[in-house]
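Following: one structure in structure tokens, then a few remarks.
The values are calculated or read from the model by the stated rules, or taken from the named source; none is laboratory data. None of these values were measured; they are calculated from a predicted model. Positions of Cβ are generated from backbone atoms using ideal geometry, with glycine treated the same way; all protein chains shown enter the neighbour counts.
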């Protein structure tokens with residue numbers, strides 16, 4: 001495998017992990033290991049790693065991207081004797097990832113701004129009593145996931161529920177409702193976002209996945225107890241999330257909930273544990289003699305959710 005990689009790099013210059021895989025076949029593990037162990041191959045990884053909560057991992061903490069995703073999408077390999085070419089290719093990859101992240105963030109903001117204007121207009125128009133119409137101060141919309149870390153990608157992957165191929169990172173939206181928001185507002189937002197989700201999923205020229213949840217602030221207060229895995233996940237998402245639209249006051253109130261019980265500190269501790277676990281996993285995998293993976297070793301390399309994606 002190492003000889004094949006060296007020949008390819010000599011012929012074509014620095015490549016992403018996905019570029020190697022496209023030419024040399026689907027054995028990403030053998031390619032990753034050969035690059036990591038070769039003195040003649042230099043590696044540059046762009047972007048960052050961040051916490052992901054996974055119920056299958058002891059302590060729930062692992063890092064994202066997975067080892068395989070990081071290699072395929074965020075890593076450039078080149079010949080050790082040509083560092084200039086490697087750095088140039090890595091800079092181009094970093095710029096591309098930043099461009100994708102910015103474009104997806106812009107799209108998310110446009111989608112939710114259009115939805116907010118339509119919902120507010122509908123609420124005002126349907127107000128038969130003559131009382132003030134509902135407005136965006138009754139809720140806020142947050143965005144989380146890859147793009148808030150500047151790690152958006154456009155590698156094709158299957159959408160979970162339908163299997164339709166989508167363009168890379170999804171748009172993770174969290175809608176937080178004021179506890180005293182008028183009855184019906186949550187359903188209006190749900191209907192409007194779902195319509196956009198379907199539209200953007202089936203349109204062959206767009207193929208973006210929108211994943212969203214709608215919850216009252218009171219539900220976040222329960223989850224801020226951080227006492228079960230199902231409570232930890234939304235706390236982690238809230239911690240990373242950015243405000244897209246709506247009430248900044250409500251957004252700040254939601255963020256303040258993470259000060260309960262040292263939630264932010266506990267998430268930081270989990271990220272540190274995940275980093276140590278990643279180092280151990282990589283050392284273990286690099287020490288394997290076998291060229292194929294299975295069982296727990298396969299899960300160290302990438303998550304089960306990514307299995308179909310990397311087939």
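Out of all the residues in the range 127-153, which are modelled with pLDDT of 70 or more, out of contact with any strand residue (DSSP E or B) (no Cβ under 9 Å at 6 or more places or on another chain) and either surrounded by fewer than 20 Cβ atoms within 10 Å (Cβ to Cβ) or assigned to a strand (DSSP E or B) (or both)?
150
Filter the range 297-311 down to residues that are farther than 16 Å from residue 49 by Cβ and modelled with pLDDT of 85 or more, then give me how many there are.
Counting residues in the range 297-311 that are farther than 16 Å from residue 49 by Cβ and modelled with pLDDT of 85 or more gives 3.
Among the residues of the range 2-26, write down those that are over 31 Å from the mean Cα position of the chain (by Cα) and either free of Cβ contacts under 8 Å to residues at least 12 places away in the same chain or in a loop (DSSP other than H, G, I, E, B) (or both).
3, 7, 11
Identify, by number, the condition in (1) modelled with pLDDT under 95; (2) crowded, with 17+ Cβ neighbours inside 10 Å that residue 118 doesn't meet.
Result: residue 118 passes all but (2).
Of everything in the range 38-78, what is within 12 Å of residue 302 (Cα to Cα) and not in a loop (DSSP other than H, G, I, E, B)? Give them in sequence order.
62, 63, 64, 67, 68, 69, 70, 71, 72
Quick one: is residue 60 under 15 Å from the mean Cα position of the chain (by Cα) and in the same structural domain as residue 283 (by TED's automatic domain parsing)? Reasoning before the result, please.
Numbers: under 15 Å from the mean Cα position of the chain (by Cα): no; in the same structural domain as residue 283 (by TED's automatic domain parsing): yes.
Considered against the rule, which asks whether it is under 15 Å from the mean Cα position of the chain (by Cα) and in the same structural domain as residue 283 (by TED's automatic domain parsing), residue 60 comes out as no.
Looking at this structure, is residue 271 within 22 Å of the chain's Cα centre (by Cα) and modelled with pLDDT of 95 or more? Steps first, please.
Details: within 22 Å of the chain's Cα centre (by Cα): yes; modelled with pLDDT of 95 or more: yes.
Yes: the conditions hold for residue 271.
Quick check on this structure: which one of 298, 293, 243, 285 is assigned by TED's automatic domain parsing to the domain that holds residue 158 and surrounded by 15 or more Cβ atoms within 10 Å (Cβ to Cβ)?
Details: 298 fails: assigned by TED's automatic domain parsing to the domain that holds residue 158; 293 fails: assigned by TED's automatic domain parsing to the domain that holds residue 158; 285 fails: assigned by TED's automatic domain parsing to the domain that holds residue 158.
The unique qualifying residue is 243.
Please indicate, with yes or no, whether at least one residue in the range 53-63 is out of contact with any strand residue (DSSP E or B) (no Cβ under 7 Å at 6 or more places or on another chain), in contact (Cβ under 8 Å) with a residue 60 or more places away in the chain, under 18 Å from residue 169 (Cα atoms) and surrounded by 16 or more Cβ atoms within 10 Å (Cβ to Cβ). Quick ask: steps written out before the conclusion?
To start, the set of residues in the range 53-63 that are out of contact with any strand residue (DSSP E or B) (no Cβ under 7 Å at 6 or more places or on another chain) comprises 55-59.
Now drop any that are not in contact (Cβ under 8 Å) with a residue 60 or more places away in the chain, which leaves 55-57, 59.
Subsequent filtering for residues that are under 18 Å from residue 169 (Cα atoms) retains none.
Scanning the range 53-63, I find no residue that is out of contact with any strand residue (DSSP E or B) (no Cβ under 7 Å at 6 or more places or on another chain), in contact (Cβ under 8 Å) with a residue 60 or more places away in the chain, under 18 Å from residue 169 (Cα atoms) and surrounded by 16 or more Cβ atoms within 10 Å (Cβ to Cβ), so the answer is no.
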